[in-house]
Structures are given as C-alpha cells and as structure tokens.
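Below: the structure, in structure tokens.
Nothing in this text is a laboratory measurement; each read-out follows from the coordinates by a stated rule. Owing to the predicted nature of the structure, the values given are computational and were not obtained by experimental measurement. No Cβ is skipped: glycine too gets one built from the backbone with ideal geometry, and neighbour counts run over all protein chains shown.
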C-alpha cells in the first residue's frame, strides 16, 4: 500500500516536472499587438466579421489581412480606436452604426425544426424538436445566424428591449 502511494507520488512529480520543462522550452511567443487589439474588440465571438471569434480577427487585423472596419458590433468607435492604434488611414463610409439587435421568434410561425438553436453560438435559443422556440435576450449577441437558417422565417432581428440592466443615458444633442 505504501509502495503504491510512493510510486504514484513519484510518477506525479516526475510528469509535473516534465510538463514544466516542456512549457518553458516549447513556449510560443504571442505578439503584444494582437493582445491589445483583442482587448479592444467586443469579445462576443459572434462571427459577424467573418472570423470564428475575436482572437482570429485580432490576428488578421494585426497582420494587415483584414480592415480595421471588420467588426459590425464595434461600429465607428472601434474602427477609429483600431486605426489610431495601428496608425492606418480610415474610411468610415462603409461603417454603419447599428443599435444592438436581438433575435425574436414569432411563435405562430415556428415549427420547431431546431435549426436555429443548433446554429446559435451562445445557446440563447431554447426549445425542443417540434416545439416552439424562445430566445433569452440576455444571452443573445445579435449575430443573426439563427435568422439565416430558419426555414419558416419566423426569427426577426429586433432592437434590444430596454431594461434597467441595459439602459444607458442618451447622448445630448449638439446645438
């Protein structure tokens, strides 16, 4: 019994030391610019930019393979911040400001095909096969993937419902 405990302890310590050495010598250096750009991005992992998440999008922007205007949820403010950080010229003609959108399911049209919640990256849609689906507004990132795949077009992208947790003071009008 004691020999088994000692052998497992020695095995654990040996493998732990091996992992520590491997982590030190096989470490991959990451660009600090990529980390800064990723911090500027919203982090919603929605895929509206064409990349599978914010980390690959940040890498593409840092390498110059993607424009600084790639993030629709970030809008003009994010594009300006990225252009300033990278020191590139910015053309805001292609950037449109949009209010946050949330998916809404029209219950009378929903047939319960489950295509929408299989496609949702944040599991914001709840329901089961042959049952009506619903959307958790707090979890929805407004990517629109669910509306694209809906065969009955029962999902509509709407402006976010005002609640005390997401309400913001409106911008003052400049006179």
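With contacts taken as Cα pairs under 8 Å at a separation of at least 6 residues, the chain carries a relative contact order of 16 percent.
Considering only 109, 78, 19, the mean-square fluctuation computed in a Gaussian network model of the chain, springs between alpha carbons under 10 angstrom, is largest for 19. Taken along the Cα-to-beta-carbon direction at a fixed 7 Å, the label points for residue 122 and residue 97 span 2.2 nm.
Among the listed values (1) 33, 20, 17; (2) 34, 15, 14; (3) 40, 30, 15, the one matching semi-axes √(5λ) of the Cα gyration tensor in Å as calculated from this structure is (3). Only residues of segment 49-77 count here: report those whose backbone N is under 13 Å from the spot 7 Å along Cα→Cβ of residue 90, or say none. Output list for this probe position: 68-71, 74-77. Mind checking the angle between helix 75-86 and the chain's longest principal axis? C-alpha axes, 0 to 90 degrees, to the nearest 10. The two axes meet at around 40 degrees. Once Rh is set to the Kirkwood radius over Cα pairs, what Stokes-Einstein translational diffusion coefficient, in µm²/s, holds for segment 101-159 at a temperature of 25 °C and a viscosity of 0.890 mPa s? So the translational diffusion coefficient is about 226 µm²/s. Taking 40, 86, 26 as the candidate residues, the one with maximal mean-square fluctuation in a Gaussian network model of the chain, Cα springs under 10 Å, is 26. Taking label positions 7 Å along the Cα-Cβ direction at both residue 107 and residue 33, the computed distance is 5.3 nm, reported to one decimal. May I ask for the percentage of alpha-carbon pairs in segment 12-52 that lie more than 16 Å from each other? The calculated P(r) of segment 12-52 puts 61 percent of pairs beyond 16 Å. Of 137, 30, 59, the residue with the greatest mean-square motion in the GNM of the chain, using alpha carbon springs below 10 Å, is 30.
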